[in-house]
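The values are calculated or read from the model by the stated rules, or taken from the named source; none is laboratory data. Just so it is clear, the structure is predicted and the values come from calculations on it, not from any experiment. For neighbour counting, all protein chains shown are included, and Cβ atoms are generated from backbone atoms with ideal geometry for every residue, glycine included.
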Amino acid sequence: MARGQGRVYKPTVLRHRKGCAIRAPDKCDCPRAESNVWWIDYSANGKRFQEPSGIKSKPGTTKGKRDALDVLAERMGDRKEGKLIARPDKLTLAECKAQHEIDYDLNGRRSKLRMLQCWKHIEHFFGLETKAVDVTTQRLSDYAVKRLGEGAARQTVNNELSAARRGFNLAREAGLLVVVPRFKLLDTQNARTGFFEPAEFALVLLELPEVVANLHRFVDATGWRIMEGAELQWSFVDMEGGIIRLEQARSKSGVSRLFPFGADADLKTLLDKLWTQRDGPFVFHRDGQPLTYDAVHYAWKQARKRARLEGKQSHDLRRTFCRNSRRAGLSEGEIMRLTGHKTRSVFDRYNIISEQDLAEAVARRSAKPTVNNPPSAPKPDSVS
């Protein structure tokens, strides 16, 4: 290709052997091989750019080269016209993370803390100064293998990969990045099915610190999510009217809701007690400060271990509320308005159905049909 028109090429990449823990390319003796992704190398407005084209082919072949040349021509034209505002070859993971944080702040998303926890693991493995173009699909697979080896759940790994993917996609939308690596999520069977029986719940409550135990009593009585309860403020509780109001912005599902706690004697007693102990704006607190996700999760993990119920999740209380409400005769619509579910799929996904309904269905099926005896034939007139 003529000078000034750029070039396409396949770089040599490191192919780690299975079980290799050395990540420094200059110290690892694993074999090198030609990449299966075409890269483009060009200059525009006095600056040099090197980035993956996103076009793949088998190593040692020229398949896809023409498509990569088309990408090269497009990139050079975009650069000269100023359509792309940054250098993809210089973009780092720190900037992708920053894009994700900005998105959470602008949209007022509630789970920013959980998102940052996901990024913390990404940072530890890759390093925030790693160039975005060096985060390849193979390296992401290495990350997943390492996290699983550390004991992380498959869904947890998927959440972390999804956080990184969102940061990359936002960087691309902002014109900071051209090509996003393929994020392959793990297969999971994560439909939750656990429920809590009263005796099991009582055992865990005995092992929890009082403030965390009170929070779980509240969740058990309302069917709300743990952090919706942990972040509940007294300004949302009408003690005289006996109603809790959760604003749309503070609901994970984005649906505002009301919970008339005055009709539940146990819940009213709990809130009356907490009202007398209030210290600051939060219903559940330690020295006036709200309970954090990490503090609640750690306390629950330790309590269920001591109670020998390690398979139980705090989210099981939400499903149990739905199941018990069905047993009590509440309609699906009424349950959804109390818990904040947006669709009825919760009942299918969690297989929540009243055992009484099933028993009645089996009884109807097993009932023996009534056999109507045919009318007897009239007796013939007696012959005198």
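For residues that are in contact with an Asp or Glu (Cβ under 6 Å, 6 or more places away or on another chain) and exposed (fewer than 15 other Cβ atoms within 10 Å of the Cβ), scanning just the stretch 292-349, find the one that is farthest from Arg257 (Cα to Cα). For the stretch 292-349, the residue satisfying everything is Arg306.
Within the stretch 93-128, the set of residues being modelled with pLDDT under 90 and not in a helix (DSSP H, G or I) comprises Gly108, Arg109, Arg110, Ser111, Leu128. Quick one: how many residues across the stretch 136-182 are on the phi > 0 side of the Ramachandran plot and free of Cβ contacts under 8 Å to residues at least 24 places away in the same chain? Here the count works out to 1. Could you pull out the residue among Leu203, Leu186 that is in a helix (DSSP H, G or I) and either under 19 Å from the mean Cα position of the chain (by Cα) or closer than 26 Å to Ala307 by Cβ (or both)? So the residue among Leu203, Leu186 that is in a helix (DSSP H, G or I) and either under 19 Å from the mean Cα position of the chain (by Cα) or closer than 26 Å to Ala307 by Cβ (or both) is Leu203. On the basis of being at pLDDT 85 or above and either surrounded by fewer than 17 Cβ atoms within 10 Å (Cβ to Cβ) or not assigned by TED's automatic domain parsing to the domain that holds Tyr293 (or both), does Gly151 make the cut? Here the answer is yes, as Gly151 does meet what is asked.
Can you work out which of the residues in the stretch 155-180 that are out of contact with any Pro (no Cβ under 8 Å at 6 or more places or on another chain) and in a loop (DSSP other than H, G, I, E, B) is farthest from Arg114 (Cα to Cα)? Checking each candidate, the answer is Gly175.
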